[in-house]
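This report refers to the structure that appears directly beneath it.
The values are calculated or read from the model by the stated rules, or taken from the named source; none is laboratory data. Only a predicted model underlies this, so the values are computations on that prediction, with no experimental measurement involved. Note that each Cβ is placed from the backbone with ideal geometry, even for glycine, and that neighbours are counted across all protein chains shown.
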Amino acid sequence: MFALRKVAIATGLAVAAVVGVAATGQAAPEDGAKLGWHKYTVGLFGDVNYGNGGRSEFAALADHINAANVNFSIYDGDLKNGKERCDNAMYADALARFNAMTKPVVVLPGDNDWTDCHRANNGAYDPIERLDYERSVFYSTPYSQGKKPMKIERQPAYPENNRFACGPVTYLGLNVQGSNDNFPHAGVDGEARPAAEIARQDAEHTARLAANIAWMHETFAQATARGDQGVVVVWQADPNFNNEGRLTDPRSYDGFTEIVAALRTEVLAFKGQVALVHGDSHYYKQDKPLTYDNGQVIGNFTRVETFGDLNSHWVSLTVDPHNPDLFTFAPQIVPANVHDRK
C-alpha cells in the first residue's frame, strides 16, 4: 500500500468536483481533493432500466442510493433491455431519471443502447448513428449527470470515455460493450447482416479499441504520476474471463481479447489496487480472474459485476486510504424491489 498522502491536483486529470458548476446553475458536490485522508462511498449500478418493471423500480433504487449519501455514483451501462426500441425518446427518458438523482452520476453506454439497435424489434437503427446520438444526449459537456453534476475529463472523439480522480483513486470509464464489443462475425450468435455491414461494424470496433487502449494507458500513467493508491476501471461488457461462460465458439468473445490483455499489462505495472466494475450478465459477483503466467491470481486486481435485469439493486464501493486493500465492495439490496415482478 502506498504511504498516505494529500492528493495533488496539479496534474491534467479532471479531479472530481474540484471545478464548480456555476455555469449550469447547480451546486458542486464535495471537493474530491479533500478526501485523500478520509473514507468515502461510491454507488455502482447498471442494467436496471429494463422494461416497464425495471423503470418503475428505478425510483426506489435511486432513493436507496441517495439515502446512503454516496459521494457519487457510476452507471455501467444499458438504458433499456435488448428487445426495446432505440427511439430518441428512450434516451431522453433515461437522462431525466439520472438527472433526478441527488448526487453526481457518471453514465456509461451499454450494448442495448447502440450495438444491438440494428435488430428489427429495436427499430432497425444504424448502431453507429445511435452511438453518435447517445453521445449528443449524454456526453456533450464535461459534466456528469445528476442534480449536482461534477466535472470529468472526456476523451476527444470518444466522449463517453472519461476519467476523474477522487481522493487517492482515479476512475476510468471506457466504452467496452457486450455483444462482443460490436465485433460481429458472419453466422456467429445469429449474425446475418450483409458482409459489408459486418465489415463496417468491425472497423468501428477496431478504431474504438485502439482509442480505449490509448486512454487506458494514459490514465494509468497519470494515476502513477499522481501517486494514487488505486484505479477503478468501469465498462459495460462482461469480458468472459477465462471463458467462464463456457462459450463453444471463441469468436463469440474475441472482441475482448486485446482490451483484457491491455488491462492485465496495466495492472501488473501499477503498484496500487485496481478494480474492474462491469455489468452485462446481471449477476452480482466479486472475484480475481486475472492471473500470472503460472496461474496464480494477480492479487492487486478485483473484478466486480453489478446487479441487473430483474434485480434492481446496487453495489457500494467504500474507499478507505487506511485500509491496505483500499477497496471494499458490498451488495446493497433495495427492499422495495424484492418482490415477484409480474
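Pairing each residue of segment 193-220 that is under 30 Å from GLY272 (Cβ atoms) and modelled with pLDDT of 95 or more with any residue that is loosely packed, with under 14 Cβ neighbours inside 10 Å and not basic (Lys, Arg), provided the two are 6+ apart or on different chains, yields C-beta distances under 7 Å for ALA211/ALA157.
Answer yes or no: is there a residue in segment 169-188 that is surrounded by fewer than 24 Cβ atoms within 10 Å (Cβ to Cβ), at pLDDT below 95 and at positive phi. Yes, segment 169-188 has at least one match. Inspect all residues belonging to segment 63-72 and state whether any of them is part of a loop (DSSP other than H, G, I, E, B), modelled with pLDDT of 95 or more, in contact with a strand residue (DSSP E or B) (Cβ under 9 Å, 6 or more places away or on another chain) and farther than 23 Å from HIS339 by Cβ. Yes.
Within segment 225-265, the set of residues being over 20 Å from the mean Cα position of the chain (by Cα), among the basic types (Lys, Arg) and under 26 Å from GLY43 (Cα atoms) comprises ARG226 only.
Among the residues in segment 322-332, are any free of Cβ contacts under 8 Å to residues at least 40 places away in the same chain, among the small types (Gly, Ala, Ser), surrounded by fewer than 16 Cβ atoms within 10 Å (Cβ to Cβ) and within 24 Å of LEU79 (Cα to Cα)? Yes, segment 322-332 has at least one match. Annotation note: Cβ proximity below 7 Å between a residue of segment 32-51 that is β-branched (Val, Ile, Thr) and a residue that is surrounded by fewer than 24 Cβ atoms within 10 Å (Cβ to Cβ) and modelled with pLDDT under 95 (sequence gap 6+ or interchain) occurs for VAL48/GLY54. Among residues that are crowded, with 21+ Cβ neighbours inside 10 Å and farther than 16 Å from ASN49 by Cα, LYS103 is included. Of the residues making up segment 301-315, those that are under 24 Å from ARG264 (Cα atoms) and not in a loop (DSSP other than H, G, I, E, B) are PHE301, THR302, ARG303, VAL304, GLU305, VAL315. When we screen ASP93, ASP78 for residues that are closer than 30 Å to LYS39 by Cα, in contact with a helix residue (DSSP H, G or I) (Cβ under 9 Å, 6 or more places away or on another chain) and not in a strand (DSSP E or B), the only hit is ASP78. Of all residues assigned to segment 117-130, none qualifies as being crowded, with 16+ Cβ neighbours inside 10 Å and farther than 21 Å from SER179 by Cβ. The residue of segment 260-283 that is nearest to ASP325 (Cα to Cα), among those that are of a type outside the set (A, V, I, L, M) and surrounded by fewer than 18 Cβ atoms within 10 Å (Cβ to Cβ), is LYS271. Note on segment 284-299: residues that are polar (S, T, N, Q) and surrounded by 13 or more Cβ atoms within 10 Å (Cβ to Cβ) total 2. Looking only at segment 183-235, residues that are among the polar types (S, T, N, Q) and closer than 28 Å to ALA124 by Cα come to 3 in all. Number of residues in segment 63-100 that are over 17 Å from ALA237 (Cβ atoms), among the hydroxyl-bearing types (Ser, Thr, Tyr) and crowded, with 24+ Cβ neighbours inside 10 Å: the value is 1.
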